[in-house]
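Trainee: The structure that follows is given in the form of structure tokens.
The values are calculated or read from the model by the stated rules, or taken from the named source; none is laboratory data. From a predicted model like this one, the values you see are computed outputs, not experimental measurements. Quick reminder, even Gly has a Cβ in these numbers, built from the backbone with ideal geometry, and neighbours come from all protein chains shown. Ligands, DNA and RNA are excluded from the accessible area calculation, which covers all protein heavy atoms including side chains. Shrake-Rupley method; radii C 1.70, N 1.55, O 1.52, S 1.80 Å.
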Amino acid sequence: MAISLSRKLIDYIKLSKPRVISLLDLAAIAGFVLGLPKAINITSIIVSFLAVVIGGSLASGGGMIINGGLEIEKDKKMKRTSWRPTVKGEVGRKEAYAIGSIFIVVGTLIGFLANPLTALFIALGAFIYVVIYSIWLKPRTWWNIVIGGFAGSAAAWAGFAASSGSFTLLSFLLGFLIFMWTPGHFWSLALRFRDDYKNAEIPMLPVLTDERTSAKAIAISNALMVPFALLIGLYAGLIYLIVSTIVSAFLLYVSVKLYLNPTADEAWESFKLSSPYLAIILLTLIIVKLI
């Protein structure tokens, strides 16, 4: 019995995409630090911090577990997703829906320990990912990952709300940065695994256009995102501005390389850089606001 439960837990962890959750948590923590008031109650701040990180992680993981149930047939056609427990039959479709829904509900309720606005943004992130992105947009249009990027924005907004109880221009900018980052990141992945997405009939932009057009879209998307990363420097200070300028320049360099040589290998380099890029931006933001 214990072995069976542990295997199930491992299956749920795999489906919840821990690497993605870790980046969402980093966005939430960055938002939380940005929203910290000058005068703080230590107990209240600790409770709010744990509420947004634990609640957000559960809700995000729940959304991805539901996504695994929704996309079993498509995942079977893609080499990069054929390992998923839902594809192998270790987690059934109804089980994925049930467990994922429980995680979302529990995560949202935990968010209330911070405040209702935090819970609202946690629930909003899950709703956008499951309903707007996975069910509605992903099977129908290349705009799927563009609009779906707001699911990541909600993590940053939840973090800011947890410490400040508010939604401001600064929190909007942080969330919008993540929204702008999302297309270039996932289009790079889709260009690298273009055949996979084509076989699964998922209308990602690189499936619907040629490699050069896709590479151009990735480069433009990254270029449009960079000003928002730099704009936050008006709030975060000189150190953040220097770091964000350096890493943004490197990201744009890789984007130009991809544009000039739109191959799967170059797309993979762009994809591998994009997550560390966002992580560095968020970590720098956290550090400079805490010191």
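Trainee: Is it fair to say Ser22 is out of contact with any Ser or Thr (no Cβ under 7 Å at 6 or more places or on another chain), hydroxyl-bearing (Ser, Thr, Tyr) and part of a helix (DSSP H, G or I)?
Mentor: Taking the combined requirement at face value, the residue satisfies it.
Trainee: If you don't mind, another one. What residue, among those in the range 240-286 that are in contact with a Lys or Arg (Cβ under 8 Å, 6 or more places away or on another chain) and aromatic (Phe, Trp, Tyr), is surrounded by the fewest Cβ atoms within 10 Å (Cβ to Cβ)?
Mentor: If we take residues in the range 240-286 being in contact with a Lys or Arg (Cβ under 8 Å, 6 or more places away or on another chain) and aromatic (Phe, Trp, Tyr), then Trp268 is surrounded by the fewest Cβ atoms within 10 Å (Cβ to Cβ).
Trainee: For the range 138-148, does any single residue satisfy the condition of being polar (S, T, N, Q), within 25 Å of Ala200 (Cα to Cα) and open to solvent by less than 40 Å² (accessible area, probe 1.4 Å)? Explain how you work it out, then say what you get.
Mentor: First pass over the range 138-148, keeping only residues polar (S, T, N, Q): 141, 144.
From what is left, the residues that are within 25 Å of Ala200 (Cα to Cα) are 141, 144.
Subsequent filtering for residues that are open to solvent by less than 40 Å² (accessible area, probe 1.4 Å) retains 141, 144.
Scanning the range 138-148 turns up at least one residue that is polar (S, T, N, Q), within 25 Å of Ala200 (Cα to Cα) and open to solvent by less than 40 Å² (accessible area, probe 1.4 Å).
Trainee: If you don't mind, another one. Which residues, taken from the range 161-177, are assigned to a helix (DSSP H, G or I), open to solvent by 10 Å² or more (accessible area, probe 1.4 Å) and in contact (Cβ under 8 Å) with a residue 24 or more places away in the chain?
Mentor: Ser163, Ser164, Leu170, Leu173, Phe176
Trainee: Given the residues Ala154, Ala123, which is the only one that is under 17 Å from Leu58 (Cα atoms), open to solvent by less than 40 Å² (accessible area, probe 1.4 Å) and free of Cβ contacts under 8 Å to residues at least 40 places away in the same chain?
Mentor: Numbers: Ala123 fails: free of Cβ contacts under 8 Å to residues at least 40 places away in the same chain.
Going through Ala154, Ala123 in turn, just one is under 17 Å from Leu58 (Cα atoms), open to solvent by less than 40 Å² (accessible area, probe 1.4 Å) and free of Cβ contacts under 8 Å to residues at least 40 places away in the same chain: Ala154.
Trainee: A further question on this structure: Which residue pairs have Cβ atoms under 6 Å apart, sit 6 or more places apart or on different chains, and have a first residue in the range 13-33 that is farther than 12 Å from Gly63 by Cα and in contact (Cβ under 8 Å) with a residue 24 or more places away in the chain and a second that is part of a helix (DSSP H, G or I) and among the basic types (Lys, Arg)?
Mentor: Within 6 Å, the pairs are Val33/Lys289.
Trainee: Would a scan of the range 193-205 turn up a residue that is part of a loop (DSSP other than H, G, I, E, B), open to solvent by less than 10 Å² (accessible area, probe 1.4 Å) and among the β-branched types (Val, Ile, Thr)?
Mentor: Checked against the condition, which is being part of a loop (DSSP other than H, G, I, E, B), open to solvent by less than 10 Å² (accessible area, probe 1.4 Å) and among the β-branched types (Val, Ile, Thr), the range 193-205 yields at least one hit.
Trainee: Additional query: Considering each residue of the range 34-73, count those that are of a type in the set (D, E, K, R), in contact (Cβ under 8 Å) with a residue 40 or more places away in the chain and open to solvent by 60 Å² or more (accessible area, probe 1.4 Å), and give that number.
Mentor: Residues of the range 34-73 that are of a type in the set (D, E, K, R), as a first pass: 38, 71, 73.
Among the residues that remain, those that are also in contact (Cβ under 8 Å) with a residue 40 or more places away in the chain are: 71.
Restricting the remaining residues to those that are open to solvent by 60 Å² or more (accessible area, probe 1.4 Å) gives none.
Looking only at that region, the number is 0.
Trainee: Still on this structure, please answer the following. Checking the condition closer than 17 Å to Ile13 by Cβ and not aromatic (Phe, Trp, Tyr), which residue from Ala119, Ala96 passes?
Mentor: On inspection, the qualifying residue turns out to be Ala96.
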